[in-house]
Amino acid sequence: MKEYIDILKRTKLFFGVREDDIFAMLDCLDAKLSSFQKGETVLQQGKTLNSIPVLVKGKLHIQNEDYWGNRSILGSIDVGEMFGEAYAAPESGTLLNDVVAVEDSTVIFFDIKRILTTCSSACRFHAMVVQNLFFAVCEKNRKLVQKLGHMSKRTTREKLISYLSEEAKKHNRSHFEISFNRQQLADFLSVDRSAMSNELCKMRDEGLIAFHKNRFELKEKSPDLKAN
């Protein structure tokens, strides 16, 4: 587990904590390492969660399938991100979504009770980790509001413009890469893939955007929101 200390140091959970102190806290927080193959479920809908997972290798998707198997991607998890914090409270209930490995992935699970309870050895940075957890939950809520903003748009074009605009702001430039392929982006925005691809091509032909696979560039021309 020592090989992942540098990654943990850059996570929001251990922000401001030194490498040596993180290594010393692994036993205190009952850290457990688990590996998952591509396509394997990391967290399953309907199960309870008593730990805070942190992804240290690979990539994960938060997704949901309805009764008929229609899939919606609610978000992606990259290396260094924790997930499942919303279910850490005792009364939070069971998981509402699945977390699935998009690539071969490795996750470290930290016991939530150990995090929230000061240990007998009184780790110097334990309180800082609790504070970081609170801030991370606040940030996740903000991202959820952003996604709801995309989903509230009526047309496929409006959803694409909302999402791509937010990505450009996040990267602070007009050209950027997104973390989804076409099907994943369609699932994330809850739109038909063919309709979305057609809309992207229309926007490209109108000089609004340029793209190649998951690389996008936004042009200066103001988009027409009345398109389907």
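Aspartates and glutamates near residue 219 by alpha-carbon distance under 13 Å, same-chain residues fewer than 8 away left out - which ones?
Within the straight-line cut-off, residue 219 pairs with 205, 206.
Within segment 48-80, what residues put their amide N at less than 17 Å from the label point 7 Å along the Cα-to-Cβ vector of residue 169?
Under cut-off, by backbone N: nothing.
Which chymotrypsin sites (Phe, Trp or Tyr not before Pro) does segment 55-89 hold that lie in a coil by DSSP with at most 11 other beta carbons within 10 Å?
Here the chymotrypsin sites (Phe, Trp or Tyr not before Pro) that fit, given the DSSP loop and packing criteria, are 67, 68.
Could you compute how much accessible surface residue 213 exposes when probed at 1.4 Å, giving the result in Å² to the nearest 10?
150
When we measure straight from the Cα of residue 47, which lysines land under 28 angstrom away, once same-chain ones fewer than 8 places off are left out?
12, 32, 38, 57, 59, 113, 140, 143, 147
Suppose every Lys and Arg Cβ carries +1 and every Asp and Glu Cβ carries -1, with no other charges. What dipole size does segment 1-160 come out with about its Cα centre, to the nearest 20 debye?
Roughly 620 debye, rounded to the nearest 20.
What figure, in Å² to the nearest 10, do you get for the accessible area of residue 77 with a 1.4 Å probe and non-protein molecules left out?
0
Can you give the accessible area of residue 33, probe radius 1.4 Å, in Å² rounded to 10?
The accessible area comes out at roughly 80 Å².
Please work out which option in (1) 64, 40, 29; (2) 53, 40, 32; (3) 41, 39, 34 gives Cα extents along the principal axes in Å calculated from these coordinates, and answer with its label.
(1)
Could you work out what % of the accessible surface of the chain is carbon and sulfur, using a 1.4 angstrom probe and leaving DNA, RNA and ligands out of the count?
Summing carbon and sulfur atoms, their accessible area is 50 percent of the total for the chain.
How many angstrom lie between the C-alpha centres of segment 1-80 and segment 119-179?
Each part reduced to its Cα centre gives a spacing of 16 Å.
Obtain the nm distance between the two label points defined at residue 23 and residue 217 by a simple spin-label model: each point lies 7 Å from its Cα along the Cα-to-C-beta direction.
Calculated label separation equals 4.6 nm.
Hand me the GluC sites (Glu not before Pro) from segment 41-107 located in a DSSP loop with no more than 15 other Cβ atoms within 10 Å, in residue order please.
Working: sites: 65, 81, 85, 91, 103; in loops: 81, 91, 103.
Passing sites in segment 41-107 are 91, 103.
Mind checking segment 156-203 for GluC sites (Glu not before Pro) that DSSP puts in a loop (not H, G, I, E or B) and that have at most 10 other Cβ atoms within 10 Å?
none
The values are calculated or read from the model by the stated rules, or taken from the named source; none is laboratory data. A quick note: this is a predicted structure, and the numbers were derived from the prediction, not measured. A quick note on method: Cβ atoms are made from the backbone with ideal geometry, for glycine too, and the neighbour counts reach across all protein chains shown. Please note that ligands, DNA and RNA were not included when accessible areas were found on the heavy atoms of the full protein model with its side chains. Shrake-Rupley method; radii C 1.70, N 1.55, O 1.52, S 1.80 Å.
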